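Down below is the structure, laid out as structure tokens.
The values are calculated or read from the model by the stated rules, or taken from the named source; none is laboratory data. Treat the numbers as computed from the prediction; the structure is a model and nothing was measured. Note: ideal-geometry Cβ built from the backbone for every residue, glycine included; neighbour counts use all protein chains shown.
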Amino acid sequence: MTRQMNEKELITIEHIEPIIPEDTDYNFYFGPAHSGSGNFGVKLKIEGERVKSARADPGYLHRGFEKLMEYRVPVQNAVLSDRVCVLEALNWNLVHAEAVDELTGVGVPQRARYIRVLMAELSRLQSHLIWYGAMCLGLGFDTGFKMAFGYRDYILDLFELITGGRVYPAGYICPGGVRRDLPDGSEDKIKRVLDQTEEMMQKMKDFDNIVFSGRTKGVGILRTEDAIRLGATGPVLRACGVETDVRKDDPYEIYGELDFDIPVREEGDAYARCLIREREMEESIKIIKQILGRIPQGNIREPVKITPPSRVKIPEGEVYVRNELARGEGCAYMRSVGGREPYRVKLRGPDFLHMIPVLEHLLKGSEIADIPAIYWSLNICPADMDR
Amino acid sequence: MAEILRKEDKLVEDISAKFKIAGKVQRERRVWLTIDEDNLIALCDFVKELGFEHLSAISVTDWPEEGTFELTYHLWSYSEKILLTVKTKLNRANAIVDSVVPIWKENAQIHERELHELFGVKFEGNEDLTPLFLEDWDGPPPFRKDFDWREYVRQECYDQTNERERAYYD
């Protein structure tokens, strides 16, 4: 029951001076213990509701993979490469395997190339579903988050069937090919999962008006020249009107033979980045459907007979491999002096640039309430930034 | 084959006309150049004008026996669709090189900041080389070849007098 205030009390309240703070500047930490930030933090200087400046605070997931790989042979490094980015392990498997293949000059069997691309595209699909879930979580739309992660599990079931691991494939895409062949009946299962993914994509379209457009349109606008200067790649760059995709511009594996489009948008805001990813999922499904009817018979690895890893040496040389990951450009520089282990490995993840210069640039001048929308529209992954 | 690699060969020719370089076309869309340290910035300026506006990565390779650090700049041209790698060598004992921040701006800044922390290469002209990943680290730059992290972990994380951790010392 509310108590009625008497006249005397009302008069007193009226006479209280409102407190106007002289200084509204304060420091604000987004992460690393925030549920929606990942293992990463941003230190923000705030004035009222506006971000004056932002400084990325990486390092919570630094494992030193580049150094670890110098001590290990390629078979072991294939397993390590899973961990570079948790959310797209198979794509990083492929980056590592391609670098070793180019150094050894092994002709990867055609069947293995098809399986590699098939797995990379499935991995892109599940990675985009994680992004959708995390984006929904950031925008406060819990249903979308749970649905995306639910549908992603169907793809993880496929990974378990084919690679043996749900999240980490344990070096499934290994130097020379792939670790094992597709099990019987997997093509039908993949088709079923594609149907389920399409179901989820229809839901994403339906949710669009309720959640996405209102919170993301006109937020975090990145101009084309800024994007190139800051080193943005992948969907972030394509949302600023640059038509570029490593799969088309610098084709690897069998991407040159496949028919797919590069979605591009001109707006450069968070909404454009979201729409690009939704369109990319359609393209991935298109690629997988093309592959499914065309996988040739044959070996899955070269050499077929496995030599003990202690006897395999990497020929002297250096290569730079570029791949299109779900998040952008993923590269590996590998140098060998003819030993069993690579002499130097440099991994270049897309989020190293997206999470430090691009994020700092976009957050500066934004509203506090827009931080999650900007943050997740970049589809960040602290694992491949810190490495 | 010669027909396909025309634009790659032309790029090497164009650069050789201006700079003293050792260049090779590795394969389609991959060109590798070596230049001495003094002409690095002039070359970087020149190739940026040619359209190599995306700095994909910078890397350092440590050669302790030779006493050098090898820097590799991996550049991509969105128009030419070529990946150009520029390599140069530095004296390891006095690892100072001019920064490419004036050319590739924030992108170069963050790569140089990482390499300064992990290899101890100083980039002259880069104003912010504060550590990125390692907290309270005062040891040698950890990605150098002469830093033995296995030994370091043994010293720091395990106890030789503890019977259960003896396995790490045998």
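Annotations for the structure displayed:
- Test: residue in the stretch A:145-156 that is in contact with a Pro (Cβ under 7 Å, 6 or more places away or on another chain) and surrounded by 20 or more Cβ atoms within 10 Å (Cβ to Cβ): no
- Of the residues B:E127, B:E112, the single one that is modelled with pLDDT of 90 or more and either under 26 Å from B:N94 (Cα atoms) or in contact with a strand residue (DSSP E or B) (Cβ under 9 Å, 6 or more places away or on another chain) (or both) is B:E112.
- Residues satisfying the stated conditions in the stretch A:221-254, i.e. more than 10 Å from chain B (Cβ to nearest Cβ) and hydroxyl-bearing (S, T, Y): A:T224, A:Y252
- Residues of the stretch A:326-340 that are charged (D, E, K, R), modelled with pLDDT of 90 or more and under 16 Å from A:E316 (Cα atoms): A:R335 alone.
- Residue within the stretch B:29-49 that is within 9 Å of chain A (Cβ to nearest Cβ) and outside any strand (DSSP E or B) present: yes
- Pairs, first without any contact (Cβ under 8 Å) to a residue 12 or more places away in the chain in the stretch A:248-271, second surrounded by 18 or more Cβ atoms within 10 Å (Cβ to Cβ) and among the aromatic types (F, W, Y), C-beta under 9 Å, six or more apart: A:D249/B:W76
- Those residues of the stretch A:335-350 which are more than 10 Å from chain B (Cβ to nearest Cβ) and in contact (Cβ under 8 Å) with a residue 40 or more places away in the chain, in sequence order: A:S336, A:R340, A:E341, A:P342, A:P350
Per-residue answers, yes or no, for (1) part of a helix (DSSP H, G or I); (2) of a type in the set (S, T, Y); (3) at pLDDT below 90:
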{"residue": "A:Y60", "(1), (2), (3)": "no, yes, yes"}
{"residue": "A:V75", "(1), (2), (3)": "yes, no, yes"}
{"residue": "A:L90", "(1), (2), (3)": "yes, no, no"}
{"residue": "A:V106", "(1), (2), (3)": "no, no, yes"}
{"residue": "A:R111", "(1), (2), (3)": "yes, no, no"}
{"residue": "A:Y114", "(1), (2), (3)": "yes, yes, no"}
{"residue": "A:V117", "(1), (2), (3)": "yes, no, no"}
{"residue": "A:Y132", "(1), (2), (3)": "yes, yes, no"}
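- Looking only at the stretch A:60-103, residues that are more than 26 Å from A:S310 (Cβ to Cβ) and within 14 Å of chain B (Cβ to nearest Cβ) come to 3 in all.
- Flag if A:D57 is touching a residue at least 60 places away in the same chain (Cβ under 8 Å) and either within 14 Å of chain B (Cβ to nearest Cβ) or under 30 Å from A:D23 (Cα atoms) (or both): no
- Pick from the stretch A:289-334, criterion within 14 Å of chain B (Cβ to nearest Cβ) and small (G, A, S), ranking: nearest to A:P175 (Cα to Cα): A:A332
- Residues located in the stretch B:1-28, provided they are within 14 Å of chain A (Cβ to nearest Cβ) and part of a helix (DSSP H, G or I): B:K7, B:E8
- In the set (1) assigned to a loop (DSSP other than H, G, I, E, B); (2) exposed (fewer than 15 other Cβ atoms within 10 Å of the Cβ), A:N209 fails one condition alone, (1).
- The condition (being surrounded by fewer than 20 Cβ atoms within 10 Å (Cβ to Cβ) and aromatic (F, W, Y)) is satisfied by just one residue among A:Y343, A:Y375, A:Y333: A:Y343.
- Of everything in the stretch B:86-115 that is in contact (Cβ under 8 Å) with a residue 24 or more places away in the chain and in contact with a Leu (Cβ under 6 Å, 6 or more places away or on another chain), the residue that is nearest to the other protein chains (Cβ to nearest Cβ) is B:N107.
- Checking A:G268 against (1) buried (at least 16 other Cβ atoms within 10 Å of the Cβ); (2) closer than 28 Å to A:T104 by Cβ, the condition it does not meet: (2)
- Qualifying residue in the stretch B:89-96 (condition: over 21 Å from A:G349 (Cβ atoms), within 12 Å of the chain's Cα centre (by Cα) and not hydrophobic (A, V, I, L, M, F, W, C)): yes
- Against the conditions (1) part of a helix (DSSP H, G or I); (2) farther than 24 Å from A:M281 by Cα; (3) not small (G, A, S), A:V51 satisfies every one except (1).
- Candidates A:D181, A:D101, A:D157, filtered to the one that is within 21 Å of A:V319 (Cα to Cα) and acidic (D, E): A:D101
- Residue match in the stretch B:60-71 (condition: within 11 Å of another protein chain (Cβ to nearest Cβ) and on the phi > 0 side of the Ramachandran plot): no
- Test: residue in the stretch A:238-247 that is within 22 Å of A:H354 (Cα to Cα), in contact with a strand residue (DSSP E or B) (Cβ under 6 Å, 6 or more places away or on another chain) and assigned to a helix (DSSP H, G or I): yes
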